[in-house]
Amino acid sequence: MSVETTRAGAAIDRERIAELTERQKQIFRERTARSGEYFERALKVMPNGVPSSFQSNDPWPVYIERGEGARVWDVDGNEYADFHNGFGVMCIGHANPRVAAAVKARIDHGTHFAAPTEGSIIVAEELQRRFGLPQWRFTNSGTESTLGAFHLARGATGRDLMLKIEGSYHGHHDAAMVSVYPPLEALGERDDPISVPYGAGYPRALTELTRAVPFNDAEALQRVLEKLDGEIAGLIMEPAMMNINIIPPRAGYLERVRELTDAHGVKLIFDEVKTGATISPGGATGRFGVVPDIVTLAKATCGGYPGGAIGMTAELAALVADDTVHQYGTFNGNPLVMAAAEATLTEVLTEDAYEVLEDTNETLKAACAEIIERYRLPAYTEGIGAKGCVIFSPERIYEYRDYLTKVDGELSTLAWLYHMNHGIFMTPGVEEEWTLSIAHSADDVQRYLAAFETFAREVTAAG
Ligand SMILES: Cc1ncc(COP(=O)(O)O)c(C=O)c1O
């Protein structure tokens, strides 16, 4: 029997994990048999049977039929409390009546003109108020937002190189698909990481124009900026990493990043696709008090509709205004998306709503921490605003290399199976987190905790 004693103390029996994983997978297959049938059908028309590869899952994705508030129902009729929340989009809760009313009110008056409507002005005004950046443009996704940000940084500086944080995801355009989840053996030196393309299809010449630096290490950033002085256009980063569980910035790190990028004439981009509408009214920018040159938004900002936005300084906006940097899109500022965004930002995700999200999150995190302690699991909780997670690592992680070497993938996968089989809809994958909505009640939190405790009890039980 292979038993490890972790720093946190509990004996982790690898054979038991394997056995429980097999058992839970079998339960999962039985509970979601209809999804299995949909999967067979979908395989004939979509690679992996899904519209986007992030929706893939082993043995198959759970096909969803409907959602209401904090609950979703799959095609087998299973009801779940939804902690996946559309990859962190549905902070307003499913089928939110206010957002639905706003969209319905718009829908009978024409849904698309490719000419500006008042809605785009209202949403841009609200984003200006929230984030403190003066000028905004709209997009249709997070990928488009970060693509526009790369163009702005390069266009403003006339430089080609871009910096990103190792192990971060910023959408799937060529320049961003570098060092996203590089394998351990491909990383290279921590101080000089190799630019690793994330999959095939990107010209090598472009991959090399994006360089990675470790998160939470301003000195490493300083060394790169000094070495490549005058060559770097921009640094794109999530101010709190949210694609390898959640890693908050160390105290003083973001302030130092701002100073260093300013000193080297490098445009600082905060990719707030995940954090923007979920961790405070002004996202991470508001929460941490460091203002970048560019903010990119999408996900929760438009209340479940496919929209995004780019916030920028007046200097950068001038480049867009005079067409030095082209920012385009037929559907940008689509009236339905703007109606949803306006209702989301001005009626639903109000200051009070963020307080409720934070309180619910703190309750959930504290109760998870108590279970971790009681069962002496090698894990800890992390979270900000509406976002949180249990990280299966015996010690804190501060950057991607910690995530790769310290997070226990087997425990993470098993916890996911327990959640799914106990009525908690969770993001598949080791690296994701929960997102709360304003519809999450004490009951939903209790349901999550009951599933997590069952997992903790069974995984640490002897024999
Ligand atoms: C931080 C971050 N940036 C950009 C994106 C890309 O957004 P989208 O999937 O809307 O293109 C994502 C998606 O998960 C993200 O997490």
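Computed values, structure above
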quantity: Projected label distance in nm at residue 112 and residue 55, using a 7 Å step from Cα toward the beta-carbon; calculated: 1.9 nm
quantity: Per-pair calculated FRET efficiency, R0 = 30 Å: residue 206 and residue 229 via Cβ, rounded to 0.05; calculated: 0.85
quantity: Heavy-atom accessible surface of the chain: percent carbon and sulfur, 1.4 Å; calculated: 52 percent
quantity: Net charge dipole size for the chain [Lys, Arg +1 and Asp, Glu -1 on Cβ; Debye, nearest 20]; calculated: 480 debye
quantity: Average accessible surface area per residue within the stretch 43-131, 1.4 Å rolling probe, Å²; calculated: 53 Å²
quantity: Order by protection proxy (mean Cβ within 10 Å, highest first), peptides 327-333, 296-302; calculated: 296-302, 327-333
quantity: Other-chain or far-sequence residues with amide H under 5 Å of residue 161's (modelled H); calculated: 233
quantity: Sparsely packed trypsin sites (Lys or Arg not before Pro) within the stretch 396-463, loop by DSSP, other Cβ within 10 Å at most 13; calculated: 396
quantity: Linear extension gain, residue 395 paired with residue 462, 0.36 nm per residue minus alpha-carbon span; calculated: 21.7 nm
quantity: Separation between Cα centres of the stretch 293-357 and the stretch 9-48, rounded to whole Å; calculated: 38 Å
quantity: For q = 0.11, 0.13, 0.19 Å⁻¹, Debye-computed log10 I/I(0) when each Cα of the stretch 296-363 counts as one equal scatterer; calculated: -0.39, -0.52, -0.86
quantity: Kyte-Doolittle mean at least -1.0, axial Cα span of 24 Å or more - DSSP H helices of the chain; calculated: 351-374, 442-460
quantity: Under 30 Å from the Cα of residue 104 - lysines, other chains or at least 8 residues apart; calculated: 274, 299, 387
quantity: Long-range amide H partners of residue 309 with built H, under 5 Å; calculated: 139, 297, 298
quantity: Three principal axis lengths of the chain [C-alpha, angstrom, descending]; calculated: 69, 57, 45
quantity: Relative contact order for the stretch 203-262, counting Cα pairs under 8 Å that sit 6 or more residues apart, in percent; calculated: 32 percent
quantity: Mean-position separation - Cα centroids, the stretch 378-451 and the stretch 89-155, in angstrom; calculated: 29 Å
quantity: 5 Å binning of all Cα-Cα separations within the stretch 330-423, expressed as whole percents from 0 upward; calculated: 2, 11, 14, 17, 15, 11, 10, 11, 6, 2, 0
quantity: Computed over the stretch 256-335: relative contact order in percent, which uses C-alpha pairs under 8 Å that are six or more apart; calculated: 22 percent
quantity: Kirkwood hydrodynamic radius of the stretch 160-237, from inverse mean 1/r over distinct Cα pairs, in Å; calculated: 12.4 Å
quantity: Rg/Rg_globular for the stretch 129-201, with Rg_globular taken as 2.2 N^0.38 Å and Rg from C-alpha atoms; calculated: 1.28
quantity: Surrounding net charge for residue 173, when Lys and Arg each add one and Asp and Glu each subtract one, Cβ distance under 15 Å; calculated: -1
quantity: The stretch 148-276 - accessible surface per residue (Å², probe 1.4 Å); calculated: 36 Å²
quantity: Share of alpha-carbon pairs per 5 Å distance bin for the stretch 1-143, given as whole %; calculated: 2, 7, 10, 12, 14, 13, 12, 11, 7, 5, 4, 2, 1, 0
quantity: Full-extension gain in nm, residue 26 to residue 68, via 0.36 nm per residue minus C-alpha separation; calculated: 12.3 nm
quantity: Relative frequency of Cα-Cα separations exceeding 22 Å in the stretch 87-181, percent; calculated: 50 percent
quantity: Compactness of the stretch 272-411 as Cα Rg over 2.2 N^0.38 Å, two decimals; calculated: 1.32
quantity: Net lengthening on full extension, residue 19/residue 406 (0.36 nm per residue, minus Cα-Cα); calculated: 137.1 nm
quantity: Local electrostatic count at residue 392 - Lys and Arg +1, Asp and Glu -1, tallied over other residues with Cβ under 12 Å; calculated: -4
quantity: Cα→Cβ-extended label distance, 7 Å offset, between residue 95 and residue 356, nm; calculated: 1.8 nm
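The values are calculated or read from the model by the stated rules, or taken from the named source; none is laboratory data. Only a predicted model underlies this, so the values are computations on that prediction, with no experimental measurement involved. No Cβ is skipped: glycine too gets one built from the backbone with ideal geometry, and neighbour counts run over all protein chains shown. Each accessible area value is taken on the protein alone, full model and side chains, heavy atoms only, with ligands, DNA and RNA left out. Shrake-Rupley method; radii C 1.70, N 1.55, O 1.52, S 1.80 Å.
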